[in-house]
1. What FRET efficiency, computed as 1/(1 + (r/R0)^6) with R0 = 35 Å and r the Cβ-Cβ distance, is obtained for Leu79 and Ile108, rounded to the nearest 0.05?
2. Suppose we take every Cα in the chain and form the convex hull; what volume per residue is that in Å³?
3. Can you give the relative contact order of the chain as a percent, counting alpha carbon pairs under 8 Å and 6+ residues apart?
4. Suppose each label sits 7 Å from its Cα in the direction of the beta carbon; what would the Ile24-Ser6 distance come out to in nanometres?
5. For the ranges 4-13, 22-31, 176-185, what's the packing order if you count other beta-carbon atoms within 10 Å of each residue, average per peptide, and put the highest first?
6. Can you pull the percent of the chain's accessible area that's carbon plus sulfur, 1.4 Å probe, other chains left in place?
7. Relative contact order (percent) for the range 137-216, with alpha-carbon contacts under 8 angstrom and 6 or more residues of separation?
8. Rounded to whole Å, give me the distance from the Cα center of the range 191-208 to that of the range 81-127.
Amino acid sequence: WIGTDSQVVAWTAHAAGVIAADRIGGGPHVNPAVSVSMWALGKCSYTEAYVRTAGAMAGGLVAFPLFKLVASTLGWEPLGGPEFDPVDDEEGIASGFSEFASMVLLMIMIYAVNWELDFGKYHYWIKQTMTAVGIRYLIETFPKAGPAINPMLGTTWYIFKNGGYPHELGHYFTYWVASCAGAIFASFLYVVYAGGTLFGKTLPIGPIKEVKAAKEESKDKDSKKKK
């Protein structure tokens, strides 16, 4: 509805919406695949991830009819949503790869701005703005499956539009299997880099970050000895 004729306005409005949703909701995951990643990394329990996923699904099921009511009342263009097209991709392989790749990149961005970077006094506002811009960039770059980059959006939109659950296995592969697999793969990469556990297990490789820090500390000690 906002910014249909201006990319700058569209990106700005999207960023404002992402920041507002996070601020008002107190840091919700919103995305079931994100909840899976947080569970895999031990940042939340299975129960919390389950509840967050249920909450996200409920929100989507309420939001789409509400937005339709708003559009109808104000005479605005009907809202669309991400759609899996089974034509020439019945199993959802191509669409699934798109969702997988975009989810990996989304999670890496989330890890970086939340846990690796420090923007000082304005950390929250800067990292949320960067997250919003990153999400918008991924939406523009990976359009194959909508994109959703969020299992909740793909499925609740289908239910709203068609009045029932999806029957195509490709839908579930694209929006749920591929997205959650991407989130878990990104979690694996983060544990290799920063350390920690994956589903409660320590990996036999990494952490790269710790090794790098140890090498830098060793160099500093050698430099001091020479002086």
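The values are calculated or read from the model by the stated rules, or taken from the named source; none is laboratory data. This one's a predicted model, so the numbers in the text were calculated from it and none came from an experiment. Here the Cβ is made from the backbone with ideal geometry for all residues, glycine too, and neighbour counts use every protein chain on show. Only protein heavy atoms, including side chains, enter the accessible area calculation; ligands, DNA and RNA are left aside. Shrake-Rupley method; radii C 1.70, N 1.55, O 1.52, S 1.80 Å.
1. 0.75
2. 168 Å³
3. RCO, the chain: 28 percent.
4. 2.2 nm
5. 176-185, 22-31, 4-13
6. Reported share for carbon and sulfur atoms: 63 percent.
7. 18 percent
8. Comparing the Cα centres of the range 191-208 and the range 81-127, I get a distance of 21 Å.
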